[in-house]
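The values are calculated or read from the model by the stated rules, or taken from the named source; none is laboratory data. Everything numeric here is computed off the predicted structure, so don't read it as measured data. Backbone-built Cβ (ideal geometry, glycine too); neighbour counts: all protein chains shown.
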Amino acid sequence: MKNFNSEHHFIEESESAKMSYKVTVLYPGYSKEEEGGMMANCSCTLITGKLNVIVDTMTPWDKDKIIKGLADHDLIPDDIDYVICTHGHSDHIGNNNLFLKAKHIVGLSYSFKDHYYSSPLDSGKEFILNEGLKILPTPGHTLSDVSVIVNHNEITAITGDLFEKEEDIENEYIWRTTGSEDPEKQEYNRQKIIQMADYIIPGHGPMFKVTASMKQNHL
């Protein structure tokens, strides 16, 4: 069931027991420097369960890839309930207009068609979409960055460019030099996610497991 709350934004009721979500990386992101610039695309992730969610929709040139990735899981764009973009950079929002029946959360902005709604994200609080699925404000790379947290026996954090790739756990030069609006906040939120998560899906690399040594080194 779907209701509006007193602030007129959608809330998903959680009357039943926790729904087990499945997290699938449709396309892992990448980035590499080249002469005169960089070649990059974001990780695109599908969450399926009581709600179907796509996180970060790549560049406008990836429309066919996203449609195929969904079809491989017997889905079409109209089956998606939420589009969540971890931030508003062009390689993370390029195919949002495929999902015209979904509610859209781009960074801290929450909308459906031409209606914009308030949410807990506005005041820096977590936004619970459903039991086992929530959004956290994790500013740093941009000041409106968010991360999607999926609790499905293990905790997977889909972080966008809060983490560039696994290698930047040991080499902070990577994330500090690929753009950060507030490095101090980014470092704080990176530490928070490392302590929370079992797996991280970074903005521009494959999903990786958070090891005990990573947690120890980022206390």
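Listed values, structure above:
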read-out: Residue in the stretch 114-135 that is closer than 23 Å to residue 40 by Cα, in contact with an Asp or Glu (Cβ under 9 Å, 6 or more places away or on another chain) and touching a residue at least 12 places away in the same chain (Cβ under 8 Å) present; value: no
read-out: Candidates 34, 15 - the one that is under 18 Å from residue 129 (Cα atoms), at pLDDT below 95 and either among the charged types (D, E, K, R) or in contact with a Gly (Cβ under 7 Å, 6 or more places away or on another chain) (or both); value: 15
read-out: Filter result for residue 75 (among the hydrophobic types (A, V, I, L, M, F, W, C), surrounded by fewer than 22 Cβ atoms within 10 Å (Cβ to Cβ) and touching a Gly at 6+ places or on another chain (Cβ under 8 Å)); value: no
read-out: Boolean, residue 106 is modelled with pLDDT of 95 or more and in contact with a Gly (Cβ under 8 Å, 6 or more places away or on another chain); value: yes
read-out: Filter pass, residue 114 being exposed (fewer than 15 other Cβ atoms within 10 Å of the Cβ) and out of contact with any Phe, Trp or Tyr (no Cβ under 7 Å at 6 or more places or on another chain); value: yes
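Yes/no per residue for (1) modelled with pLDDT of 95 or more; (2) exposed (fewer than 15 other Cβ atoms within 10 Å of the Cβ); (3) under 30 Å from residue 103 (Cα atoms):
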| residue | (1), (2), (3) |
| --- | --- |
| 137 | yes, no, yes |
| 146 | yes, no, yes |
| 167 | no, yes, no |
| 174 | no, no, no |
| 185 | yes, no, yes |
| 194 | yes, no, yes |
| 199 | yes, no, yes |
| 214 | no, no, no |
